[in-house]
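Report on the structure given below.
The values are calculated or read from the model by the stated rules, or taken from the named source; none is laboratory data. All figures in this text were calculated on a predicted structure; none of them were measured in a lab. FYI the Cβ positions are ideal-geometry reconstructions off the backbone, even for glycines, and counts take in every protein chain you see. Side chains are part of the model used for accessible areas, which takes the heavy atoms of the whole protein and leaves out ligands, DNA and RNA. Shrake-Rupley method; radii C 1.70, N 1.55, O 1.52, S 1.80 Å.
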Amino acid sequence: MGGFGSSRWGWHSKATTVEDCRLLDLGDLARRGAFVLGYSAILRWFRGKKEVASIGYSVRPGAAGGLVLDVSYRMTKTGESVELPIRLEPTPLHFGGHRWWGRCPLSINDRPCGRRVGKLYLPAYGKYFGCRRCYHLTYESAQEHDKRVDARRRNPAALDAILDAAYAPTS
């Protein structure tokens, strides 16, 4: 018992993490002053000093007076060009100014997601940027969590007994 593959977890693959994806941080773009009509630029990703990916983006007026972030890039594996419009909307802050949000452009089972998000992700298997919920993404830290720690926190007497035994003086 307890050998390699002896549990169902042997065949379980971990969920993709946000750290494994390309990140489109709308808050960062807003801080750079990107959400102005007619603004266009290129966002690049590097591994060390080598550029590994890039996307072009521009801001145009949207329906009902809002803004739209048009993102364009080419899929490396297929060579396919992708054009992705992301609706933008500001919310006022208590001490002045505003924060920019995007609406998730993905559709799941023919139903548009439309979640208000500050970050969009593109996993290696994806074609479009989307929210964490649509891609079922998690964080590395969530996958590293040890549930035994929770059990010990719920029963401090057991933790005290373990610590007392560990630090008991030897004769």
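A residue that is over 19 Å from G27 (Cα atoms), of a type outside the set (A, V, I, L, M, F, W, C) and at pLDDT below 95 occurs nowhere in the range 86-106. The set of residues from the range 52-83 being open to solvent by 80 Å² or more (accessible area, probe 1.4 Å) and either within 23 Å of the chain's Cα centre (by Cα) or closer than 18 Å to G38 by Cβ (or both) comprises R60, P61, A63, R74, T76, K77, E83.
Taken together, the residues in the range 38-79 that are under 28 Å from E19 (Cβ atoms) and out of contact with any strand residue (DSSP E or B) (no Cβ under 7 Å at 6 or more places or on another chain) amount to 8.
In a residue-by-residue description of the range 90-105, the property of being open to solvent by less than 100 Å² (accessible area, probe 1.4 Å), aliphatic (A, V, I, L, M) and under 19 Å from the mean Cα position of the chain (by Cα) applies to no position.
Per this entry, V149 is counted among residues that are open to solvent by less than 80 Å² (accessible area, probe 1.4 Å) and free of Cβ contacts under 8 Å to residues at least 24 places away in the same chain. Of all residues in the range 87-127, those being of a type outside the set (F, W, Y), in contact with a Leu (Cβ under 8 Å, 6 or more places away or on another chain) and touching a residue at least 60 places away in the same chain (Cβ under 8 Å) number 9.
The test for being at pLDDT below 95, in contact with a strand residue (DSSP E or B) (Cβ under 7 Å, 6 or more places away or on another chain) and assigned to a strand (DSSP E or B) does not hold for F35. Note on the range 1-32: residues that are at pLDDT below 85, out of contact with any helix residue (DSSP H, G or I) (no Cβ under 7 Å at 6 or more places or on another chain) and among the charged types (D, E, K, R) total 1.
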